[in-house]
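> My questions all concern the structure below.
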Amino acid sequence: MDDKGVFLWPTDAPSMPMNRLAWMLLALAMVLAAGVAITYCRTLVRRLEPLVIYHRVARAVGLSLIEQHQLWRIARRTGLTSPLTLLLSATTLEHHAEQYLLALPPKQAAAARERVRQISARLFDAADAAGTKTGVA
């Protein structure tokens, strides 16, 4: 570097002021950071999409946020990729709920069992009654 703050290349090539180089590197870093941020946001949206769909469907069938959260915990603890699976069949809900309840202490299991029973009744007993009225088996 000479006394004017200009970097002199060892090959006597034209010199470039250090502040210009710093601005160029800063611009490059900002472009790279923006690219990483955009990629992260797209990944996050893709990862959250099944959960958003679950909440929409659960709200449409009349589940409260507490009931939705209960089903989400069952799905998460039993290894399901989405709690939406639990809304499809009473048998599926019962199977995964039993696995979930076995891992809980007895007092918590009793309360959770009652909540699951209420959720199952709301989801599937009403559907069974509607199915018999319309003649669908």
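Taken together, the values in this text are just the output of simple stated rules run on the coordinates, not laboratory data. Bear in mind that the values here come from a model prediction, so they are computed numbers and not experimental data. Don't worry about glycine lacking a Cβ; one is built from the backbone with ideal geometry, like all the others, and counts go over all protein chains shown.
> Which of Trp23, Trp72 comes first, and how do the rest follow, when ranked by fewest Cβ neighbours within 10 Å?
With the fewest neighbours first, Trp23, Trp72 line up as Trp23, Trp72.
> If you average the alpha carbon positions of the stretch 48-82 and of the stretch 100-122, how far apart do those two centres end up, in angstrom?
Between the Cα centres of the stretch 48-82 and the stretch 100-122 lies a distance of 16 Å.
> I would also like to ask the following. Please rank Ile38, Ile119, fewest neighbouring Cβ atoms within 10 Å first, as an exposure proxy.
Ile38, Ile119
> Moving on. Stokes-Einstein at 25 °C, 0.890 mPa s, Kirkwood radius from Cα pairs: D for the stretch 55-125 in µm² s⁻¹?
Values: Rh = 12.0 Å.
In µm²/s, the coefficient rounds to 205.
> Still on this structure, please answer the following. Under the Karplus relation 6.51 cos²θ - 1.76 cosθ + 1.60, θ = phi - 60°, what is the ordered set of whole-Hz ³J(HN,Hα) values for the stretch 87-98, x standing for Gly and Pro?
The phi angles translate into 7, 7, 8, 5, 5, 5, 4, 4, 4, 6, 5, 4 Hz.
> Order these by the 10 Å Cβ neighbour count, fewest first: Tyr40, Tyr54. Intermediate results must be reported in sequence, preceding the final value.
On the way: Tyr40 10, Tyr54 21.
Ordered from fewest to most neighbouring Cβ atoms within 10 Å, Tyr40, Tyr54 come out as Tyr40, Tyr54.
> Rounded to the nearest 0.05, what FRET efficiency is calculated for Thr85 and Val45 with R0 set to 22 Å and r the Cβ-Cβ distance?
0.55
> Working out 0.36 nm times the residue gap between Ala111 and Val36, then minus their Cα-Cα distance, what length gain in nm do you get to one decimal?
On the way: separation 75, 0.36 × 75 = 27.00 nm, distance 4.48 nm.
This chain segment gains 22.5 nm when fully extended.
> In whole Hz and in residue order, list the ³J(HN,Hα) couplings for the stretch 32-41 that follow from phi through the Karplus curve 6.51 cos²θ - 1.76 cosθ + 1.60, θ = phi - 60°; x for Gly and Pro.
Ordered by residue, 3J(HN,Hα) equals 5, 5, 5, x, 5, 5, 5, 4, 4, 5 Hz.
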